[in-house]
1. Kindly list the number of the only condition in (1) more than 25 Å from ARG139 (Cβ to Cβ); (2) modelled with pLDDT under 95; (3) touching a Phe, Trp or Tyr at 6+ places or on another chain (Cβ under 7 Å); (4) not charged (D, E, K, R) that fails for GLY19.
2. Mind telling me which of the residues ARG41, ARG57 ends up being open to solvent by 20 Å² or more (accessible area, probe 1.4 Å), of a type in the set (Lys, Arg) and within 16 Å of the ligand (Cβ to nearest atom)?
3. Criterion first (within 13 Å of the ligand (Cβ to nearest atom) and either surrounded by 21 or more Cβ atoms within 10 Å (Cβ to Cβ) or closer than 24 Å to PRO183 by Cβ (or both)) does GLY70 satisfy it?
4. Kindly establish whether VAL52 is buried (at least 22 other Cβ atoms within 10 Å of the Cβ) and within 15 Å of the ligand (Cβ to nearest atom).
5. Output yes when any residue across segment 38-52 is more than 12 Å from the chain's Cα centre (by Cα) and either more than 19 Å from ASP97 (Cβ to Cβ) or modelled with pLDDT under 95 (or both), and no when none is.
6. Testing ARG118 on (1) of a type in the set (D, E, K, R); (2) modelled with pLDDT of 85 or more; (3) in contact with an Asp or Glu (Cβ under 8 Å, 6 or more places away or on another chain), one condition comes back false. Which one is that?
7. Could you say whether any residue in segment 172-181 is touching a Phe, Trp or Tyr at 6+ places or on another chain (Cβ under 7 Å) and open to solvent by 70 Å² or more (accessible area, probe 1.4 Å)?
8. Quick check: anything in segment 107-114 surrounded by fewer than 13 Cβ atoms within 10 Å (Cβ to Cβ), of a type in the set (D, E, K, R), in contact with a Leu (Cβ under 8 Å, 6 or more places away or on another chain) and at pLDDT 90 or above?
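The values are calculated or read from the model by the stated rules, or taken from the named source; none is laboratory data. This is a predicted model, so every value here is computed, not measured. As a convention, Cβ positions derive from the backbone with ideal geometry for all residues, glycine included, and neighbour counts pool all protein chains shown. Calculation scope for accessible area: heavy atoms of the full protein, side chains included, ligands and nucleic acids excluded. Shrake-Rupley method; radii C 1.70, N 1.55, O 1.52, S 1.80 Å.
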Amino acid sequence: MRLLVIEDEIKVARFIERGLREEGFSVETAADGDSGLVKARDDTFDLVILDVMLPGRDGFSVLRELRASGAQTRVLMLTARDGVQDRVQGLDLGADDYLVKPFAFAELLARVRALLRRPVSDEPALLHAADLQVDLRGRRVTRGGKLITLSAKEFGVLAHLLRRAGNVVTRSELAETVWEDLPNTPSNVIEVTVYHLREKIDRGFSPALIQTVRGAGYLLQKS
Ligand code: CA
């Protein structure tokens, strides 16, 4: 089992890391939100332990971006404040559980084990349309067996279109789900992302999967 700990307080990070290693887990750490997000998005972890209070991008923002990119990784949030608001916000954003600081290591371990026993999501990990395959957990996209590299937003848009395959998805729906942190994202930003996504998954392949529905939005045909 591979775990990622995103925590800027070195003493706390070391304490968690050492304890989990002694329990046989493979542990990586990140000391700020931005590098944590990159690691969580680009690599496969069974669980991310995410502190709310981080320099720069905070834990909520990391979680929001991670979920917007389609990652289903389990997330345990650490909150220093015993505030209900923090916990509600974390769970609303897609955290799987939370733990209030300070905590005993045994308590953290119990939460970690409980989460790891829980299936990641009811959603199938693999979505497909024609010869396009998207592994939501591994964040791996292939078409006709060819590996395709997408940006986080491109991946988020594709995952959303696939989940809603056969339905027209409006730009405002994409803004809300993929650009959650910026719900008023200008439509040209979304159009540019869809343009790049098409260049990667449709150019040189047949059939073209993403269709523009004039005046309405986009449609991915489930074939
Ligand atoms: Ca912190």
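1. (2)
2. Values: ARG41 fails: within 16 Å of the ligand (Cβ to nearest atom).
From the options ARG41, ARG57, the qualifying one is ARG57.
3. Numbers: within 13 Å of the ligand (Cβ to nearest atom): no; either surrounded by 21 or more Cβ atoms within 10 Å (Cβ to Cβ) or closer than 24 Å to PRO183 by Cβ (or both): yes.
No; evaluated as a whole, the condition is false for this residue.
4. On the way: buried (at least 22 other Cβ atoms within 10 Å of the Cβ): yes; within 15 Å of the ligand (Cβ to nearest atom): yes.
Considered against the rule, which asks whether it is buried (at least 22 other Cβ atoms within 10 Å of the Cβ) and within 15 Å of the ligand (Cβ to nearest atom), VAL52 comes out as yes.
5. Scanning segment 38-52 turns up at least one residue that is more than 12 Å from the chain's Cα centre (by Cα) and either more than 19 Å from ASP97 (Cβ to Cβ) or modelled with pLDDT under 95 (or both).
6. Evaluating ARG118 over (1) of a type in the set (D, E, K, R); (2) modelled with pLDDT of 85 or more; (3) in contact with an Asp or Glu (Cβ under 8 Å, 6 or more places away or on another chain) leaves (2) as the failure.
7. We begin by selecting, within segment 172-181, every residue touching a Phe, Trp or Tyr at 6+ places or on another chain (Cβ under 7 Å); these are none.
There is no residue in segment 172-181 that is touching a Phe, Trp or Tyr at 6+ places or on another chain (Cβ under 7 Å) and open to solvent by 70 Å² or more (accessible area, probe 1.4 Å).
8. So far as segment 107-114 goes, yes, one or more of its residues are surrounded by fewer than 13 Cβ atoms within 10 Å (Cβ to Cβ), of a type in the set (D, E, K, R), in contact with a Leu (Cβ under 8 Å, 6 or more places away or on another chain) and at pLDDT 90 or above.
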